Structures are given as C-alpha cells and as structure tokens.
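K.L.:
Can you read through this structure? Questions will come right after.
The values are calculated or read from the model by the stated rules, or taken from the named source; none is laboratory data. Fair warning: this is a prediction, and the values are worked out from it, not measured in the lab. Remember, those area values only see protein heavy atoms, side chains included, never the ligands or the DNA or RNA. Shrake-Rupley method; radii C 1.70, N 1.55, O 1.52, S 1.80 Å.
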Amino acid sequence: MRLSLAVGMVSLACAGVIAQESTRLDVRFLPGNHVYLAQDNRNFALANFVLQNIAIVNTGKQPVVVEVVDGKPRPIFPDRVRVSAIGATVAGQPVRATGEIRVISYQPRNEYHFPLSGRWYVASSSSVRSHHRSLPVHEFALDLIQVGEGGQSFRGEGTAHSDYPGQEFSTYAHLKAASVRVKKGDHVQRGQPIAQVGLSGDGYQPHLHVQLTDSRDANYARGIPLIFADVRPILFSSTIDIDGRRQLQAGEFIETIK
C-alpha cells in the first residue's frame, strides 16, 4: 500500500498537518492504537483495512514541507502497518517521522444471531465503497432490506411505503415509528421481537441498519466486525463459504438458518 501524498507548505489542519512549535514530526492516528480487518472472502484470504484519519503533527518551531507520506503494511493479514512522513524545513534540513498501528482480525466475544428472520438483501456492508466505512462508529454496519421470492424488496408497484414489508453494544436504526416493544432497562432474550423494520431517519426505503460497537456513545464509539452464526447466502451468490461464520458482504442475498 502506497499513500504517496504530495503536500505543499503544510500549515493547514485540513491538509492533515498541524503546525505548532522544532523540527520534529509525529504521525498520529484516529481512532488510535488499532484498526480492524474486514473480510472480503475468508476462503481466499482476502481482507482489507481502512485508516480513517492520519495526522502529521509538527511539534517544532520551524515550518516543515511534507513531501511524501508512505504506508507499508506487512504481508497478507498484517499485524501492523507503518506510516512514514518525509519532508524538510525551509532551510533544507531533512525531517522524517514514523508511526505504527496494529491491525486486528477481530472475533466477537459473543455469538450473534441475525436480528431478523427470512430472506434479506445486504444493501450496504463494510466494503471500502460503502458510505459506512468512512466513520469509525459505522465502519462495520449493515443495511438490510427484506426480499421475497425472485429477489424483490417490495410488493405491488413499490411506490408507497406500504409496499415494503416490514462489552459489545448492538444498535438497530430506521425502525418503524411507534413499533418499539421494549423500554430502557428491559432484559431481552434471543428471538424476542423488539421492533419492526421501518423508514425513520435518513433512509431511501424501509431497511434495518444494524451495527456492533465498543461503547454506547453514538458519537465516539468504535465500530467492530459483526459475524452472525445463523445465516447463509442464497440467490445470485458466488461465495463457497456457507457456514455463516463470516462478515456479510454488500450485494448478497441471505436467509436465516432454522
């Protein structure tokens, strides 16, 4: 992986470089400490990770021109990635900084069963093309749309809402208004209905947004990979990994295993 970012005079925070007061640079990451691998295909050892935010901080008194930012992970399924920043002061003195961050292939501490029953389409997942992936809290979230026979997600013409059926923390969003059956403090059991799929909030059609995070804080929680134990791919799927113990991918049709 080569980032190779050519940067001019770096005094703007929005350029990823913060000018402070000597000639020392620091490479910092946010979220810090580690990133999680996202599985694309477990059988073929395909995975990826995203560094959402990298900051190159000038902790010295002299301005520094950052010329190259270079990232070098270790071989397949690396356990660390190293990012180096190379530059020079206006007087020509070379300056270099290196930062490392751990790469974790995460396995959930609990066994999770799919929050819905029947057949569903994975409209968005942890793909690098997903709108979820750029925010740490949503990084491994799924958007799930119910499908019937033939892969359709609606009845009739699909022009009305009524045409669409409906130390780890899980979140369920876009629920149907007034359909929530539990309240704060309730204890729920696996398989217990808690709400109906809806279109509340920012959505394009009724679907369930489900995610797993490391805290309850909606703004600063960290999204973590979510693996279900009771689903398998169905229609139009080319995957041969059918045991259900993997991260779901956008574009898959899946069903619960009874």
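K.L.:
Heads up, I need the accessible area for L51: 1.4 angstrom probe, whole protein in place, Å², nearest 10.
P.N.:
Counting only protein heavy atoms, L51 exposes about 40 Å² to solvent.
K.L.:
Here's a follow-up. Considering only protein heavy atoms and a probe of 1.4 Å, how much of the accessible area of region 55-145 is carbon and sulfur, as a whole percent?
P.N.:
On region 55-145, the fraction of accessible area on carbon and sulfur atoms equals 52 percent.
K.L.:
In terms of the Cα gyration tensor, with a ≥ b ≥ c the square roots of its eigenvalues, is region 174-238 rounded because a/c is under 1.5, prolate because a/b exceeds b/c, or oblate?
P.N.:
rounded
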